[in-house]
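Engineer: The structure follows.
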Amino acid sequence: GIPCVTISDQELANRIKSQGAELGFSLVGITAAARPETLEYFQDWLQQGYQGEMNYLKRREDAYADQTGVMHGVCSIVVVAMNYGPGRPAIPGHGRVAAYAQGTADYHDLMRTRLKKLAAVIRESRPESHSRVTVDTAPLLERDLAKRAGLGWFGKNTMLINKHAGSYFFLGGILTDTPLPPDPPHFSSHCGTCTRCLDACPTDAFVGPHVLDARKCIAYLTIELRGEPIPRELRAGVQDWIFGCDVCQQVCPWNRKATPALEPQLQPIQATHRSALEFLELDEQTFRSELGKTPLSRPGAANMARNAAIVLGNSKQSEAVPALSRTLNHSDPVVRATVAWALGEIGTAAARVSLMERLSVELDESVREEIQAALAELSGKLGT
């Protein structure tokens, strides 16, 4: 258990919270290091294969049981949240980017820098102490820790929700061997009978309340699924999301009063404002130079081109046919295959000509199959 908490420990906890607020963290709570309460749920989720291609989760499954694997001697964990706000309104035909990724900064870097400054508060008071900051990369069940630290409850959409802050925030933590007084856990849930998030998901990614099949989640499909085509049966559901998805947050009543990000680096910028057509033809060098330090760099230029093709196919913009036709010559077969599908969805005579020309020189069997399927689709539309 935790050693007896002295007055000075409480003062240190108060200082951490006030300094955390000054550093831009909207919520700060403290919990004791302990076996996660939701570990069995997480293990069952992995057993069902809902993590898809995120193999690192299964590989590190055992590590999630004990936080001492992340930091030896950990006694307390400071859990923080940083608000990123609901982002900018969607622009028709552009392709939507999840709110968290619309700024200039990669939140990992931004939060890590701030958390190190917050950890310095502990070190100043306890020079002999050790701490480690984490943002999203260590084998920790952050939502579990956040709930135990009193920051919120698990929504039916699996997001952590706070009554005052909604769910548009990042989580991070400081593991320390300094004993700190824990905050009361957030036992109550305030979702009631509401199922808006479950009902609104365009790809039916929720198996039920609190259970997400990541393999069908638009955020997973557009960001984590790399080097593979998005499954044909899910493409229409992706709608106009080019990177990530906020649907289950947008419909949540607790986000009605969501406030914009206070942190300038998390506020929307022009580079993430590009249209789907621009992303389709963005070369690797420009992609890296303009977006390399933002979350949008995560999928890479080719996967963003794949996502853009799906957005264009779903929007059925005939003016996109010339750009899509040019992209049929892309070096990546997954991009070519997705572009072929998009041309089939748009369904113009010009799209058919481009597909026929590409079929005559295409050597990749998976791309040929997509072209043939698109041509079959076009035959129905054009009546030939």
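The values are calculated or read from the model by the stated rules, or taken from the named source; none is laboratory data. Everything numeric here is computed off the predicted structure, so don't read it as measured data. Every residue, glycine among them, receives a Cβ derived from its backbone with ideal geometry; neighbour counts consider all protein chains shown. These area figures cover heavy atoms from the full protein model, side chains too; ligands, DNA and RNA do not enter into them. Shrake-Rupley method; radii C 1.70, N 1.55, O 1.52, S 1.80 Å.
Engineer: Exactly one of these conditions fails for T193: (1) in contact (Cβ under 8 Å) with a residue 12 or more places away in the chain; (2) not acidic (D, E); (3) not in a helix (DSSP H, G or I). Give me its number.
Structural biologist: Evaluating T193 over (1) in contact (Cβ under 8 Å) with a residue 12 or more places away in the chain; (2) not acidic (D, E); (3) not in a helix (DSSP H, G or I) leaves (1) as the failure.
Engineer: Given the options G173, G152, name the one that is of a type outside the set (V, I, T), touching a strand residue (DSSP E or B) at 6+ places or on another chain (Cβ under 6 Å) and either surrounded by fewer than 20 Cβ atoms within 10 Å (Cβ to Cβ) or closer than 22 Å to G87 by Cα (or both).
Structural biologist: One residue alone meets the criteria, G152.
Engineer: List, please: which pairs have Cβ atoms under 6 Å, are six or more places apart or on different chains, and start with a residue in region 329-341 that is within 20 Å of N314 (Cα to Cα) and end with one that is in a helix (DSSP H, G or I) and open to solvent by 40 Å² or more (accessible area, probe 1.4 Å)?
Structural biologist: Partner pairs satisfying both residue conditions: A337/S366.
Engineer: Looking only at region 208-258, which residues are of a type in the set (D, E, K, R) and open to solvent by 30 Å² or more (accessible area, probe 1.4 Å)?
Structural biologist: If the condition is that a residue be of a type in the set (D, E, K, R) and open to solvent by 30 Å² or more (accessible area, probe 1.4 Å), then R215, K216, E224, R226, E228, R232, E233, D240, R256, K257 are the ones that fit.
Engineer: Also, quick follow-up: Of the residues in region 162-195, how many are farther than 22 Å from I16 by Cα and within 20 Å of the chain's Cα centre (by Cα)?
Structural biologist: Summing the residues that are farther than 22 Å from I16 by Cα and within 20 Å of the chain's Cα centre (by Cα) in region 162-195 gives 3.
Engineer: Mind checking which residues of region 328-365 are open to solvent by 70 Å² or more (accessible area, probe 1.4 Å) and touching a Lys or Arg at 6+ places or on another chain (Cβ under 8 Å)?
Structural biologist: First, pick out the residues of region 328-365 that are open to solvent by 70 Å² or more (accessible area, probe 1.4 Å): 329, 331, 352-353, 356-357, 360-361, 363, 365.
Within region 328-365, N329 is the sole residue that qualifies.
Engineer: Also, quick follow-up: State which residue pairs qualify: first residue closer than 18 Å to V97 by Cα and inside region 223-236, second residue aromatic (F, W, Y) and open to solvent by 10 Å² or more (accessible area, probe 1.4 Å) in any location, beta carbons under 8 Å apart, and separation of 6 or more residues or different chains.
Structural biologist: Short answer, once both residue conditions are applied: R235/W341.
Engineer: Right, here's the next one. For region 113-166, name all the residues that are touching a Gly at 6+ places or on another chain (Cβ under 7 Å) and of a type in the set (D, E).
Structural biologist: Once the filter is applied, which keeps residues that are touching a Gly at 6+ places or on another chain (Cβ under 7 Å) and of a type in the set (D, E), region 113-166 yields only E142.
Engineer: Could you tell me how many of the residues in region 266-321 are within 17 Å of the chain's Cα centre (by Cα), surrounded by fewer than 17 Cβ atoms within 10 Å (Cβ to Cβ) and of a type in the set (S, T, Y)?
Structural biologist: So the answer is 1.
Engineer: Now for a different question. Which helices (runs of 4 or more DSSP H) does region 1-83 wholly contain that include 1 or more residues that are over 23 Å from V211 (Cα atoms) and open to solvent by less than 40 Å² (accessible area, probe 1.4 Å)?
Structural biologist: Correct list: 7-22.
Engineer: Being open to solvent by 70 Å² or more (accessible area, probe 1.4 Å) and more than 10 Å from G344 (Cα to Cα) is the filter; apply it to region 366-384 and report the residue that is farthest from the chain's Cα centre (by Cα).
Structural biologist: Looking at the filtered set, the residue picked out is T384.
Engineer: Look at region 110-144 and say how many of its residues are open to solvent by 70 Å² or more (accessible area, probe 1.4 Å) and either within 28 Å of V238 (Cβ to Cβ) or not in a helix (DSSP H, G or I) (or both).
Structural biologist: Qualifying residue count for the region: 7.
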